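The values are calculated or read from the model by the stated rules, or taken from the named source; none is laboratory data. What you are looking at is a predicted structure, and each value in this text was computed from that prediction instead of being measured. Here the Cβ positions follow ideal geometry from the backbone for every residue, glycine too, while neighbour counts run over all protein chains shown. Side chains are part of the model used for accessible areas, which takes the heavy atoms of the whole protein and leaves out ligands, DNA and RNA. Shrake-Rupley method; radii C 1.70, N 1.55, O 1.52, S 1.80 Å.
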Amino acid sequence: EVREQLSLLAVPENAEVDLPCGDLPLVVGECVKAVLEHKDGHTESLISEWKEELVTSKYADALIQLPDPKPVSSDPSKWRCASCGAKTNLWLNLSDGYVGCGRRNFDGSGGCGAALTHFEATGSIYPLAVKLGTITPKGADVFCYAADENDMVLDPALSRHLQHWGINMLEMEKTDKSMAELQIDLNAK
């Protein structure tokens, strides 16, 4: 049995405040948030190792992108799965601009699988999708649904591919866990 309790301890008074606590002064609350969200060096090392194993998708260079694109908002609060309306774990098909959920996980979390279903329903010709919440100036999670890759991949032209849909990578901030972070969390559990 694992029990986790978060508290803030004021020394030398030994005053203890259970977290989360909305009554903390703003600066203290921000410090607590920063500590809780901090990634340790080991986690960062695992993520770096995982990214080093990724291969460049052979579909990236000649990726088909449909003309006259309907822009995708850069505002994460406006992203929705076209199938179920979910707001998290969303994947943008880089060819046709479809936004759909990722696959359902074994524990029931995840999504409805609309991104994969859409790929299959469109004749499996638009293989690359980017996880919207992971887009930063440094890159993003990209998955290739094509049977001969069917894995996380690198897209060296990602910035250009996103720009086609009206998304400027340089202005984006991460709002969702990357696939590597999710895998590390899963392994820790």
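Confirm whether residue 92 is over 17 Å from residue 64 (Cα atoms) and either in contact with a helix residue (DSSP H, G or I) (Cβ under 6 Å, 6 or more places away or on another chain) or open to solvent by less than 10 Å² (accessible area, probe 1.4 Å) (or both). Steps first, please.
On the way: over 17 Å from residue 64 (Cα atoms): no; either in contact with a helix residue (DSSP H, G or I) (Cβ under 6 Å, 6 or more places away or on another chain) or open to solvent by less than 10 Å² (accessible area, probe 1.4 Å) (or both): yes.
So residue 92 does not fit the description; no.
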Exercise for the section: Find all pairs meeting these conditions: Cβ atoms under 8 angstrom apart; at least six residues apart or on different chains; first residue within segment 42-69 and assigned to a helix (DSSP H, G or I) and surrounded by fewer than 16 Cβ atoms within 10 Å (Cβ to Cβ); second residue among the β-branched types (Val, Ile, Thr) and modelled with pLDDT of 60 or more. Expected result: 43/184
Practice task
Would you be able to say whether some residue in segment 108-126 is out of contact with any strand residue (DSSP E or B) (no Cβ under 8 Å at 6 or more places or on another chain), at pLDDT 95 or above, surrounded by fewer than 22 Cβ atoms within 10 Å (Cβ to Cβ) and at positive phi?
Solution key: yes
Practice task
Sort out which residues of segment 146-178 are closer than 23 Å to residue 117 by Cβ, at pLDDT below 95 and in contact with a strand residue (DSSP E or B) (Cβ under 6 Å, 6 or more places away or on another chain), and write them in order of number.
Solution key: 152
Completion exercise
Only unsatisfied item for residue 41, checking (1) farther than 26 Å from residue 163 by Cα; (2) modelled with pLDDT of 85 or more, is (2)
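Tell me which residues, restricted to segment 95-112, are among the hydrophobic types (A, V, I, L, M, F, W, C) and assigned to a loop (DSSP other than H, G, I, E, B).
Within segment 95-112, the first condition is being among the hydrophobic types (A, V, I, L, M, F, W, C), and the residues that meet it are 99, 101, 106, 112.
Result: 106, 112.
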Practice task
Select, from 173, 149, the only residue that is open to solvent by 80 Å² or more (accessible area, probe 1.4 Å) and of a type in the set (D, E, K, R).
Solution key: 173
Exercise for the section: Go through segment 113-189 and tell me which helices (runs of 4 or more DSSP H), entirely inside it, have 1 or more residues that are among the small types (Gly, Ala, Ser) and closer than 24 Å to residue 85 by Cα. Expected result: 114-121
Exercise for the section: Specify the residue that is most open to solvent (accessible area, probe 1.4 Å); the eligible residues are those in segment 75-89 that are charged (D, E, K, R) and in a loop (DSSP other than H, G, I, E, B). Expected result: 87
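If I ask for residues that are among the β-branched types (Val, Ile, Thr) and within 17 Å of the chain's Cα centre (by Cα), which ones from segment 62-91 would you list?
Selection gives 72, 88.
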